[in-house]
Amino acid sequence: MGIDVKSFIRNSFNKLAQPVNAAPFVSFRIVFGFLMAFSALRFVLLGWIEDHYTEPLFHFHYYGFDWIHAVSASWLYMIHILMILASIGIMTGYLFRVSSILLFLCFTYTELIDLTYYLNHYYFVSLICFWLMFIPTVDKHQKIPAWSIFIIKFQLTLVYLYAGLAKINYDWLIEALPLKIWLPAHDDLFLIGPLLTLPATAYVFSWFGMLYDCSIAFLLMYKPTRPFAYITVIVFHALTGFLFQIGVFPLVMIGATIIFFSDTWHENILKRIKALPLIKEVFVFSSSRDVKTKSIFSFALFKTFFVAYLLFQILFPWRYLLYPGNLFWTEEGYRFSWRVMLMEKAGDATFYVKDSKTGREGIVDNREFLNAHQEKQMSFQPDMILQFAHFLGEHYQRKGVNQPEVRAEVYVTLNARPSKLLIDPNKNLMLEKDTWKHKSWILAD
């Protein structure tokens, strides 16, 4: 008996449009808003605005976003203050729509300024901020459309599942790399330090990490395994955050995954929150407006975009299959695919600028233009190497060099293997353009 696709899609959208208990989303909103406010404040207090945005002479751009530029330090401080206020607005529920739009625009802008600071969890946060702009505020009956909660669960499931599938590779499971390199560096830790130096520990961590990522979202969905699964979430992210210093990502995942808990669980949590002093005066838990009027646009018009988004998120991470060669080596199709801490990669990039008229060639001091983090990330990522080469060519042309030719000698080591040339050292990179096509000047691993 065949499946009636049209009926299946129609029934699915009918279910997604149905009002459901808003308590899980309200809890998520409070936790997410708090963590975003904390993250933005932390960024300001650590002095990263200057270090990341205003001090470097050159910023690496995302493909298609070369029109994004860093504004002055004073404006960047204002943007981060707006992020903090918007996060508080999302947490408390006041001016929720305005706050969600502001947070998405400000956060995404700052992340687009420089490609070298790309992290999977920044991408995840930006996607969640995007959806907050469209999720209706809670009505007087504490209801919101089912898709509002579904889309957050879907995104979390995809992050975990794809991170787990990406770990099913030879280096991770058979060689226990890169954990075999990383864990012994923490041998000075109290009690567990000596254990981290054992080869068996790297294998245990590698296999557990893969199994955890592949299964945790489904264990959170299933009520009998949910409490155990959430304890595992806390332990896993607390341990990885402690060992690898990956910012607020562990806190974001620990906080976000509470959305998988039942309506009753969230209602009990919210009752306790409401009972706290001054909370009712500060937080907005519902709205008197009807749920059908509070979305930015009707769900009927929303269907095509919703399906397109789901398909994009499911398919885009697999684009690496269209490129030849070792993904970890070429990194073509690597970003935006939920590949988290899968490799230890380092490079040494030396650039040469040649005057086409005189034939004179000189070596570039990368530190003249880049900070340490930018230079480190650029040194093993081909598209960044190409961007920097073009920047150097244009820079030295303004200095009087005639039709500069720029080549790069780049040696890269992957998972502690002997370093090898990453790109053709004789290629004039000024003649190459960054496209979606395979970069033929990348040498085979």
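The values are calculated or read from the model by the stated rules, or taken from the named source; none is laboratory data. Everything numeric in this text was worked out from a predicted model, so none of it was measured. Positions of Cβ are generated from backbone atoms using ideal geometry, with glycine treated the same way; all protein chains shown enter the neighbour counts.
Summary table below
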item	result
Any hit, the stretch 387-402, residues being assigned to a helix (DSSP H, G or I), of a type outside the set (Gly, Ala, Ser), within 27 Å of residue 117 (Cβ to Cβ) and touching a Gly at 6+ places or on another chain (Cβ under 7 Å)	no
Members of the stretch 7-53 found to be of a type in the set (Val, Ile, Thr) and within 22 Å of the chain's Cα centre (by Cα), listed by number	30, 31, 44, 49
Verdict on residue 64 being at positive phi and surrounded by fewer than 17 Cβ atoms within 10 Å (Cβ to Cβ)	yes
Residues of the stretch 338-369 classified as among the β-branched types (Val, Ile, Thr) and outside any strand (DSSP E or B), total	3
Check on residue 168, farther than 24 Å from residue 326 by Cβ, more than 17 Å from the chain's Cα centre (by Cα) and without any contact (Cβ under 8 Å) to a residue 60 or more places away in the chain	no
Only one of 100, 7 that is out of contact with any Asp or Glu (no Cβ under 9 Å at 6 or more places or on another chain), among the hydroxyl-bearing types (Ser, Thr, Tyr) and either buried (at least 18 other Cβ atoms within 10 Å of the Cβ) or not in a helix (DSSP H, G or I) (or both)	100
Candidates 110, 137 - the one that is polar (S, T, N, Q), assigned by TED's automatic domain parsing to the domain that holds residue 32, without any contact (Cβ under 8 Å) to a residue 60 or more places away in the chain and surrounded by 17 or more Cβ atoms within 10 Å (Cβ to Cβ)	110
Per-region count, the stretch 314-337, residues over 30 Å from residue 396 (Cβ atoms), in contact (Cβ under 8 Å) with a residue 40 or more places away in the chain and touching a Gly at 6+ places or on another chain (Cβ under 9 Å)	2
Matching option when the condition is buried (at least 17 other Cβ atoms within 10 Å of the Cβ) and modelled with pLDDT of 95 or more, among 249, 218, 260, 228	260
Candidates 80, 69, 52, filtered to the one that is touching a residue at least 24 places away in the same chain (Cβ under 8 Å), more than 27 Å from residue 150 (Cβ to Cβ), assigned to a loop (DSSP other than H, G, I, E, B) and not charged (D, E, K, R)	69
Among the candidates 202, 176, 238, residue that is in contact with a Ser or Thr (Cβ under 8 Å, 6 or more places away or on another chain) and of a type in the set (Gly, Ala, Ser)	176
